[in-house]
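A.B. asks: Here it is, the structure, as structure tokens.
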Amino acid sequence: EVALRTYVESMTTDGTKRICALEQGSTNYIREVEKILEQRKNGVLLQRMELGLNVPTNGAEYVAHMIAQKLGLKRKNQPATETQEITYKKPLVDHLLTNGYREALARKQELTQTLLALCGFTSTDDFVRAVEKDTAVIMFAAGKGKRWDESLRKITISQIDQKKPRILAQIQNILPNSKSSQSTVPIGQYAAWATRGLGQHIVVHHGYAEEIKRSITDPLGIQNAVFFEQQYDANGNALGHGDALLQMQSLIQEKKYVITQGGTDPNSRETAILSLLTLYAYDKLGTPLSLVLPSASMQNPPYPITVNNNGLPTEFGHPKLKGSGTIESGVTNIGIRVYRSEDLLKLFNTFKKYNRHYESVPGHAKETNELSLDDFDTELLREILGHGVRQLAVAIPEEIQGTVKRYDDIPAFLDSMRKILNIEEN
């Protein structure tokens, strides 16, 4: 407070480069944010009008006055009286990502337009073009899964190669504006379709990279995709998505944002873009987050997110890893995550110290030697240097209900995709 008082008292009107702002929607603290101010003949104006209310022409002086009032200080120089109306809606965003999260799905379009306006974009296409170079999109496609293998033993379908990862299994093609003239496409093409163009694609695999490229990324026009082979343990087992993430540090360390997705989840492109836009907006407004988790409310949530009364996440955990049963109802992650790369990378040493003996990770069942993304998410909640974690409850249950774990999950996957894409079955 002493430093803040000193700063307020010394703030001038001639080109101040740092400002202080009350974080809208919060009554608990004042957060200092750095913003570039634009020089104008009539004084210093905020380049982006995120402070809200009635901002005088001299923006820096107004902010000093606002903080002085909050701290009970008397200002030697009163702010200019000339004001301009600012339509400021970050409180709406804060509300929908905290205690108003139950409203977020119904107000999804309003939230999207608000975030675009705050960041200075006219459309999501404009945003995607601006952020693509700064983003990595990781699709996990290395595993077949025991349930997939078991389900294939019960069927006699000649076109299913049991040696291949399940993302290569052919299913009905219902993708809109599909460039493929084929009636079927690999399952993995749906996930890649949802995140195409959002960043540098990194496909985590354990073989069949050329076929994945030829049948999934190439048909979607995804250029320069990177194919990363996950290293299994000495017993030939994959040790989870978190273990794969640790192996690809060099591929993401130059990026600002990291999107992760499962290769057989029925992902929504709209949800993926809005999640990335949310993280980008908080970054742009000077109140960065570490992680945005798109979520859905449903019965028996498969990837539960425990939230407090303010709608803030307090715990994550797949029941398999925690050795616990299912939860009757609640909020679930839907498979997509969007991380701030800088904060994510800070956790790598934390997990590398286990030397791939992940059963020792706090909260794990002792018989489970896998490192999940839930573990990274949980650590971000504990991490002092993290900027915060938010759930974004704009998804529908179908975005996770239709995940293909077994061969007989495919009809449910297609039903989920029809609802997500708003396509009616002929």
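A.B. asks: For segment 218-249, name all the residues that are under 20 Å from N355 (Cβ atoms) and in a helix (DSSP H, G or I). Working first, answer last.
C.D. replies: Initially, segment 218-249 is screened for residues under 20 Å from N355 (Cβ atoms), giving 230-249.
Result: H241, G242, D243, A244, L245, L246, Q249.
Residue-wise test of (1) under 23 Å from A395 (Cβ atoms); (2) modelled with pLDDT of 80 or more.
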residue	(1), (2)
A68	no, no
G72	no, no
K90	yes, no
H95	yes, yes
G100	yes, yes
A104	yes, yes
Q109	yes, yes
S123	yes, yes
R129	no, yes
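A.B. asks: As an exercise: evaluate R390 against (1) of a type outside the set (A, V, I, L, M, F, W, C); (2) modelled with pLDDT under 90; (3) over 29 Å from L152 (Cβ atoms) and give the number of the one condition it does not meet.
C.D. replies: (2)
A.B. asks: When only residues in segment 337-376 that are among the acidic types (D, E) and modelled with pLDDT of 90 or more count, which is surrounded by the fewest Cβ atoms within 10 Å (Cβ to Cβ)?
C.D. replies: That would be E342.
A.B. asks: Still on this model: Any idea which residue in segment 309-323 is modelled with the highest pLDDT, counting only those that are closer than 20 Å to P362 by Cβ, out of contact with any Gly (no Cβ under 8 Å at 6 or more places or on another chain) and part of a loop (DSSP other than H, G, I, E, B)? Spell out how you get there, then give the answer.
C.D. replies: First pass over segment 309-323, keeping only residues closer than 20 Å to P362 by Cβ: 313-323.
If we keep only those that are out of contact with any Gly (no Cβ under 8 Å at 6 or more places or on another chain) as well, we get 313-316, 318, 320, 323.
Next, from what is left, pick out any that are part of a loop (DSSP other than H, G, I, E, B): 318, 323.
Details: H318: 56, G323: 48.
Going through the qualifying residues, I end up with H318.
A.B. asks: Before we move on, is T326 surrounded by fewer than 24 Cβ atoms within 10 Å (Cβ to Cβ) and at pLDDT 95 or above?
C.D. replies: no
A.B. asks: Given the conditions (1) surrounded by 23 or more Cβ atoms within 10 Å (Cβ to Cβ); (2) within 22 Å of V258 (Cβ to Cβ); (3) under 20 Å from the mean Cα position of the chain (by Cα), and given that L96 satisfies all but one, which numbered condition is not satisfied?
C.D. replies: Condition (2) is where L96 drops out.
A.B. asks: Looking at the structure I just gave you, is S275 of a type in the set (S, T, N, Q), in contact with a strand residue (DSSP E or B) (Cβ under 8 Å, 6 or more places away or on another chain) and under 18 Å from D343 (Cα atoms)?
C.D. replies: Details: of a type in the set (S, T, N, Q): yes; in contact with a strand residue (DSSP E or B) (Cβ under 8 Å, 6 or more places away or on another chain): yes; under 18 Å from D343 (Cα atoms): yes.
Judged against the criteria, S275 is a match.
A.B. asks: Sticking with this one: I want to confirm something. Restricting to segment 278-297 and keeping residues that are assigned to a helix (DSSP H, G or I) and under 9 Å from the mean Cα position of the chain (by Cα), which single residue is farthest from L118 (Cα to Cα)?
C.D. replies: Top of the filtered list is L279.
A.B. asks: Return the only residue of L277, L198 being within 30 Å of V394 (Cα to Cα) and touching a Cys at 6+ places or on another chain (Cβ under 8 Å).
C.D. replies: On the way: L198 fails: touching a Cys at 6+ places or on another chain (Cβ under 8 Å).
The unique qualifying residue is L277.
A.B. asks: Does T260 satisfy being in contact (Cβ under 8 Å) with a residue 60 or more places away in the chain, in contact with a helix residue (DSSP H, G or I) (Cβ under 8 Å, 6 or more places away or on another chain), of a type in the set (S, T, Y) and assigned to a loop (DSSP other than H, G, I, E, B)?
C.D. replies: no
A.B. asks: Kindly provide the set of residues from segment 209-228 that are surrounded by 13 or more Cβ atoms within 10 Å (Cβ to Cβ) and basic (K, R), ordered by number.
C.D. replies: Taking segment 209-228 first, the residues surrounded by 13 or more Cβ atoms within 10 Å (Cβ to Cβ) are 209, 211-213, 215-220, 222, 225-228.
Result: K213, single match.
Conditions (1) of a type in the set (A, V, I, L, M); (2) over 25 Å from I420 (Cα atoms), marked per residue:
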{"site": "E110", "(1), (2)": "no, no"}
{"site": "A117", "(1), (2)": "yes, yes"}
{"site": "G120", "(1), (2)": "no, yes"}
{"site": "D149", "(1), (2)": "no, yes"}
{"site": "L152", "(1), (2)": "yes, yes"}
{"site": "K164", "(1), (2)": "no, yes"}
{"site": "N173", "(1), (2)": "no, no"}
{"site": "Q182", "(1), (2)": "no, no"}
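A.B. asks: Are there any helices (runs of 4 or more DSSP H) wholly within segment 95-204 with 3 or more residues that are within 21 Å of I336 (Cβ to Cβ) and not β-branched (V, I, T), and if so which? Break it down into steps so the answer makes sense when it comes.
C.D. replies: Details: elements: 108-119, 124-131, 146-152, 188-195.
In segment 95-204, 108-119, 124-131, 188-195 are the helices (runs of 4 or more DSSP H) which contain 3 or more residues that are within 21 Å of I336 (Cβ to Cβ) and not β-branched (V, I, T).
A.B. asks: Ok, one more. When only residues in segment 229-261 that are over 21 Å from the mean Cα position of the chain (by Cα) and among the hydrophobic types (A, V, I, L, M, F, W, C) count, which is surrounded by the fewest Cβ atoms within 10 Å (Cβ to Cβ)?
C.D. replies: A234
The values are calculated or read from the model by the stated rules, or taken from the named source; none is laboratory data. Keep in mind that this is a model prediction, so the values were computed, not measured. Using ideal geometry, Cβ is built from the backbone for each residue, glycine included, and neighbour counts are taken over all protein chains shown.
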